[in-house]
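Participant: Sharing a structure here in structure tokens format.
The values are calculated or read from the model by the stated rules, or taken from the named source; none is laboratory data. Remember, predicted model here, so these are calculated numbers, not experimental data. Ideal geometry is used to build each Cβ from the backbone, glycine not excepted, and the neighbour counts take in all protein chains shown. Just so you know, the surface numbers come from the protein's heavy atoms only, side chains and all, with ligands and any DNA or RNA stripped out. Shrake-Rupley method; radii C 1.70, N 1.55, O 1.52, S 1.80 Å.
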Amino acid sequence: MKAAVFNKPNEPLKIEEVEDPKIYFHEILVKVAACGVCNTDLHYIDHGVPTFKKPPIILGHEASGVVKDVGAQVKDFKAGDHVLIPPVFSCGHCYNCRIGRENICLNMIMLGNNIDGAYAELVKVPAKDCIHLPEDMPLQESSIIADAVSTPFHAVKNRAQVRPGDSVVVIGCGGVGINVVQIAAAAGASVIAVDIMDNKLEMAKRLGAKHTINSSKKADKLILTEIRDITNGGADICIEAIGNPKTIEMGPSTLKPGGRYVQVGYSHKAAPLNAGRLMFRELEIIGSLGCRPVDYPKIIEMIKLKKIQLEPVITHRFKLEDINKAFDLMRKSQSLRSIIVF
Ligand code: APR
Ligand code: ZN
């Protein structure tokens, strides 16, 4: 099969002919329909974050496809089924799995990190983690549910616990943040979207943000004053979806006393924390990672109800051969979400 292979950092992925994956008894073989292109891959390609499986490795962890073959013990899937492949597979028996927090499984396996991923014509995955995609869902577009939509869903619903009427500041409206905006808005929040690019803010408005702030045009102090004015003293919730120490430092300052700050963006750098403010305002600081399997059917239902939109968020489509063009667009922050289509 054809695959985009990561051989070493600071080098484009290479399109290579590799062997078809062979499935074990508990796995399914999926003919990939589409795979979303995620910022996480740039951590490996550009920023020296090592993959767990030593290169060469096939990256790609946001895929949908059609089941081609199933292992001997697989009962829930058959050839021809439409399937969504989550980016992380859980062990099912560690403490966190047993209490229903599979997204922080102590033995998690990440697609396109611990094992070969889905920038390939075929991918093999454990059947128990896969989600049935209804036939009336758009197969290629649904790929982005696996990470770009599911991660924001978990952040908004389970970690931020957004309630109708809450004021929610979303810092960063890129591929991940834009879905935080639309899901928080769908949950009934009054969303204040913050970004440095006007086109991202226009999309945020289109997907339900009530207010937008271009933070490149204002000093931090003025941004905080504006947020305090809009929210009458500070937001209930702030969600950071960039992973920039500067915006991470600013996030908790947007909150009212008793407010909740949720970290979705990833950074390997430390960010300053004003402990006095945290203590005196009794703020909550919360991390959010991925999504639990039980939430995927709920996300699919919200898409069917048109409360979450996929189409506007997918700004570019590329053939596998052109995958490095998708990374270039992402480096320049010019795409919202690109998908590789097969
Ligand atoms: N202030 C406000 N917005 C900013 C700033 C800033 N200082 N710097 C960048 N942005 C905006 C960009 O304009 C862009 O819209 O943040 C957004 C970042 O989005 P993407 O580059 O598309 O990244 P995304 O795929 O959304 O991932 C964001 O989430 O899951 C993590 O690993 C992922 O850390 C990454 C983060
Ligand atoms: Zn586990």
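Participant: Here are some residues: Thr40, Thr51. Which one is at pLDDT below 95 and open to solvent by 10 Å² or more (accessible area, probe 1.4 Å)? First the steps, then the outcome.
Facilitator: Values: Thr51 fails: at pLDDT below 95.
It is Thr40.
Participant: Has segment 131-147 got at least one residue that is crowded, with 19+ Cβ neighbours inside 10 Å, in a loop (DSSP other than H, G, I, E, B) and within 12 Å of the chain's Cα centre (by Cα)? Steps first, answer last, please.
Facilitator: Taking segment 131-147 first, the residues crowded, with 19+ Cβ neighbours inside 10 Å are 131, 133, 140-147.
Narrowing the set further to residues that are in a loop (DSSP other than H, G, I, E, B) leaves 133, 140, 147.
Going one step further and asking which of them are within 12 Å of the chain's Cα centre (by Cα), we end up with 147.
Within segment 131-147, one or more residues are crowded, with 19+ Cβ neighbours inside 10 Å, in a loop (DSSP other than H, G, I, E, B) and within 12 Å of the chain's Cα centre (by Cα).
Participant: Kindly evaluate Leu283 against the criterion of being more than 16 Å from ligand 2 (Cβ to nearest atom), farther than 30 Å from Ile15 by Cα, at pLDDT 95 or above and assigned by TED's automatic domain parsing to the domain that holds Val176.
Facilitator: Working: more than 16 Å from ligand 2 (Cβ to nearest atom): yes; farther than 30 Å from Ile15 by Cα: yes; at pLDDT 95 or above: yes; assigned by TED's automatic domain parsing to the domain that holds Val176: yes.
So Leu283 passes the test.
Participant: While we're on this one: Across segment 118-135, what is the total count of residues that are touching a residue at least 60 places away in the same chain (Cβ under 8 Å) and more than 19 Å from Val294 (Cβ to Cβ)?
Facilitator: Kept after step one, since they are touching a residue at least 60 places away in the same chain (Cβ under 8 Å), are these residues of segment 118-135: 118-131, 133-134.
Okay, now just the ones that are also more than 19 Å from Val294 (Cβ to Cβ), so 118-124.
Within segment 118-135, residues that are touching a residue at least 60 places away in the same chain (Cβ under 8 Å) and more than 19 Å from Val294 (Cβ to Cβ) number 7.
Participant: Would it be correct to say that Lys75 is away from ligand 2 (no atom under 16 Å from the Cβ), surrounded by fewer than 22 Cβ atoms within 10 Å (Cβ to Cβ) and among the basic types (Lys, Arg)? Talk me through it step by step, then tell me what you get.
Facilitator: Numbers: away from ligand 2 (no atom under 16 Å from the Cβ): yes; surrounded by fewer than 22 Cβ atoms within 10 Å (Cβ to Cβ): yes; among the basic types (Lys, Arg): yes.
Considered against the rule, which asks whether it is away from ligand 2 (no atom under 16 Å from the Cβ), surrounded by fewer than 22 Cβ atoms within 10 Å (Cβ to Cβ) and among the basic types (Lys, Arg), Lys75 comes out as yes.
Participant: Would you be able to tell me the number of residues in segment 54-72 that are surrounded by 20 or more Cβ atoms within 10 Å (Cβ to Cβ) and free of Cβ contacts under 8 Å to residues at least 60 places away in the same chain?
Facilitator: Matching residues across segment 54-72 total 2.
Participant: I'd like the full set of residues that are touching a residue at least 60 places away in the same chain (Cβ under 8 Å) and more than 8 Å from ligand 2 (Cβ to nearest atom), limited to segment 85-114. Please lay out each step first, then the result.
Facilitator: Of all residues in segment 85-114, those touching a residue at least 60 places away in the same chain (Cβ under 8 Å) come to 85-88, 90, 100-104, 112-114.
Hits for segment 85-114 are Ile85, Pro86, Pro87, Val88, Gly100, Arg101, Asn103, Ile104, Gly112, Asn113, Asn114.
Participant: Would you confirm whether or not segment 245-254 contains a residue that is open to solvent by less than 10 Å² (accessible area, probe 1.4 Å), touching a Lys or Arg at 6+ places or on another chain (Cβ under 6 Å) and not polar (S, T, N, Q)?
Facilitator: No, segment 245-254 contains no residue that is open to solvent by less than 10 Å² (accessible area, probe 1.4 Å), touching a Lys or Arg at 6+ places or on another chain (Cβ under 6 Å) and not polar (S, T, N, Q).
Participant: Determine which member of the set Val162, Val170 is part of a loop (DSSP other than H, G, I, E, B), in contact with an Asp or Glu (Cβ under 9 Å, 6 or more places away or on another chain) and of a type in the set (Val, Ile, Thr).
Facilitator: Val162
Participant: Of the residues that make up segment 272-284, is at least one farther than 23 Å from Arg163 by Cα and small (Gly, Ala, Ser)? Lay out the reasoning, then the answer.
Facilitator: Let us first name the residues in segment 272-284 that are farther than 23 Å from Arg163 by Cα, namely 272-277, 279-280.
Remaining after also requiring small (Gly, Ala, Ser): 275-276.
Looking through segment 272-284, at least one residue is farther than 23 Å from Arg163 by Cα and small (Gly, Ala, Ser).
Participant: So, Ile314, is that one touching a Leu at 6+ places or on another chain (Cβ under 8 Å), aliphatic (A, V, I, L, M) and closer than 17 Å to Val156 by Cα or not?
Facilitator: Working: touching a Leu at 6+ places or on another chain (Cβ under 8 Å): yes; aliphatic (A, V, I, L, M): yes; closer than 17 Å to Val156 by Cα: no.
For Ile314, the condition - touching a Leu at 6+ places or on another chain (Cβ under 8 Å), aliphatic (A, V, I, L, M) and closer than 17 Å to Val156 by Cα - is not met.
Participant: Here is a list: Val170, Val194. Which entry is within 16 Å of ligand 1 (Cβ to nearest atom), open to solvent by less than 20 Å² (accessible area, probe 1.4 Å), over 17 Å from Ser338 (Cα atoms) and more than 17 Å from the chain's Cα centre (by Cα)? Walk me through how you get there before you give the answer.
Facilitator: Values: Val170 fails: more than 17 Å from the chain's Cα centre (by Cα).
Testing whether each residue is within 16 Å of ligand 1 (Cβ to nearest atom), open to solvent by less than 20 Å² (accessible area, probe 1.4 Å), over 17 Å from Ser338 (Cα atoms) and more than 17 Å from the chain's Cα centre (by Cα) leaves just Val194.
Here is a yes/no grid of residues against (1) within 16 Å of ligand 1 (Cβ to nearest atom); (2) out of contact with any Phe, Trp or Tyr (no Cβ under 7 Å at 6 or more places or on another chain); (3) on the phi < 0 side of the Ramachandran plot:
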position: Pro50; (1), (2), (3): yes, yes, yes
position: Lys53; (1), (2), (3): no, yes, yes
position: Leu59; (1), (2), (3): yes, no, yes
position: Glu62; (1), (2), (3): yes, yes, yes
position: Val74; (1), (2), (3): no, yes, yes
position: His82; (1), (2), (3): no, yes, yes
position: Gly92; (1), (2), (3): no, yes, no
position: Cys105; (1), (2), (3): no, yes, yes
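Participant: Among the numbered criteria (1) open to solvent by 20 Å² or more (accessible area, probe 1.4 Å); (2) at pLDDT 95 or above; (3) within 11 Å of ligand 1 (Cβ to nearest atom), which one does Arg206 miss?
Facilitator: Answer for Arg206: the failing condition is (3).
Participant: Listed residues Leu278, Leu222; which is out of contact with any Leu (no Cβ under 9 Å at 6 or more places or on another chain), aliphatic (A, V, I, L, M) and within 15 Å of ligand 1 (Cβ to nearest atom)?
Facilitator: Criteria check complete, one pass: Leu222.
Participant: For the list (1) in the same structural domain as Met203 (by TED's automatic domain parsing); (2) touching a Phe, Trp or Tyr at 6+ places or on another chain (Cβ under 9 Å), I need the number of the one condition that Asp236 fails.
Facilitator: For Asp236, the exception is condition (2).
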